Amino acid sequence: NAGVTQTPKFQVLKTGQSMTLQCAQDMNHEYMSWYRQDPGMGLRLIHYSVGAGITDQGEVPNGYNVSRSTTEDFPLRLLSAAPSQTSVYFCASTKSGGGDTGELFFGEGSRLTVL
Amino acid sequence: KQEVTQIPAALSVPEGENLVLNCSFTDSAIYNLQWFRQDPGKGLTSLLLIQSSQREQTSGRLNASLDKSSGRSTLYIAASQPGDSATYLCATRGGAQKLVFGQGTRLTINP
């Protein structure tokens, strides 16, 4: 059981480049989310999804796009990378939405540097 | 808007001591509160999850309590070991499935 898998683990981009951070879970979790972690700022929610075909914005959504075509996958797209997007990105999932009180599981993180 | 605060930001104690980490939150309308551990360069590992209807949860040497009325949670670590050194984060889960994290307490256990 792999849990939550993120790829790549490390990435360096130039300003203006685009890329996709991949997230996959094999626990049949309905709820998936993306966070960024920055020194002094803690973890902040970027986007989340309560099921396939349903996504919504979190606290810091600007500059990021998401889609959820399957239960398993929740990719995060940076359309035009900026230095301010240099961060560690975490994907997380839990059993379901709608008030479910499930435990949240995290991936190992993707460390992105934008030059 | 929910705000979650963890004080102190860093704590250093000798091995073998019992210790308490604190987490406070401003909005008591939460579904649950979760404690995580994060090792340097790693992801977050769930330690304990307390539902809103519960007062505490225990796992081995760890005990977490929840007092919604006062907006506080504590994580008690008994007989601390050097392997407990890590950053500990708490997070509340409220409406729209959004978790709000504290900034964490960096714990160092000295041999």
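Data table
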read-out: Top-ranked residue in segment B:38-59 [being among the small types (Gly, Ala, Ser) and out of contact with any Phe, Trp or Tyr (no Cβ under 9 Å at 6 or more places or on another chain); ranked as modelled with the highest pLDDT]; value: B:Ser59
read-out: Residue pairs meeting the criteria (Cβ under 8 Å; at least 6 apart or on separate chains; first within 21 Å of B:Thr87 (Cβ to Cβ) and within 7 Å of chain A (Cβ to nearest Cβ), in segment B:36-60; second surrounded by fewer than 20 Cβ atoms within 10 Å (Cβ to Cβ) and β-branched (Val, Ile, Thr)); value: B:Leu49/A:Thr101
read-out: Some residue of segment B:91-101 being under 23 Å from A:Arg44 (Cα atoms), in a helix (DSSP H, G or I) and in contact (Cβ under 8 Å) with a residue 12 or more places away in the chain; value: yes
read-out: Given (1) over 26 Å from A:Gly109 (Cα atoms); (2) within 13 Å of chain A (Cβ to nearest Cβ); (3) not in a loop (DSSP other than H, G, I, E, B), index of the condition B:Ser12 fails; value: (2)
read-out: Answer from B:Ser73, B:Ser24 - the residue that is within 26 Å of A:Pro39 (Cα to Cα) and surrounded by 20 or more Cβ atoms within 10 Å (Cβ to Cβ); value: B:Ser73
read-out: Among residues of segment B:15-71, those that are of a type outside the set (Ser, Thr, Tyr) and assigned to a strand (DSSP E or B), counted; value: 26
read-out: For B:Asp84: the one exception among (1) closer than 20 Å to A:Glu103 by Cα; (2) crowded, with 16+ Cβ neighbours inside 10 Å; value: (1)
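The values are calculated or read from the model by the stated rules, or taken from the named source; none is laboratory data. Fair warning: this is a prediction, and the values are worked out from it, not measured in the lab. Cβ atoms come from the backbone with ideal geometry, glycine included; neighbour counts cover every protein chain shown.
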